[in-house]
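The values are calculated or read from the model by the stated rules, or taken from the named source; none is laboratory data. Source: prediction; values computed, not measured. Cβ: placed from backbone, ideal geometry, glycine included. Neighbour counts: every protein chain shown.
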């Protein structure tokens, strides 16, 4: 099977108890497991949530533009789902069909 690299936009809300830099390092550590090329990573800061997620009322928002093998996207989603410091995420494929 051929590796097909695609561009994705990822927004992650992380545990507010982490510091901003620690949250960034935590996300980078998760992404490195999947050989993700990070094109742009922007810390949007600590923001109040509209509703509680995992008993937290605010979270650290990080936006990331990345490139990765399309076959690894589902594995990344699984890892984000089970990671204790990830409150919520949104992964969008930027390639047009």
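Structure data summary
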quantity	calculated
Yes/no for residue 26 being at pLDDT 90 or above and crowded, with 16+ Cβ neighbours inside 10 Å	yes
Filtered residue count, the stretch 1-23, keeping only those that are in a helix (DSSP H, G or I) and surrounded by fewer than 11 Cβ atoms within 10 Å (Cβ to Cβ)	1
Qualifying residue in the stretch 32-50 (condition: modelled with pLDDT under 90, surrounded by fewer than 11 Cβ atoms within 10 Å (Cβ to Cβ) and over 28 Å from residue 4 (Cβ atoms))	yes
Boolean, residue 75 is buried (at least 16 other Cβ atoms within 10 Å of the Cβ) and part of a helix (DSSP H, G or I)	no
The lone exception for residue 80 - which of (1) exposed (fewer than 15 other Cβ atoms within 10 Å of the Cβ); (2) in contact with a strand residue (DSSP E or B) (Cβ under 9 Å, 6 or more places away or on another chain) it fails	(1)
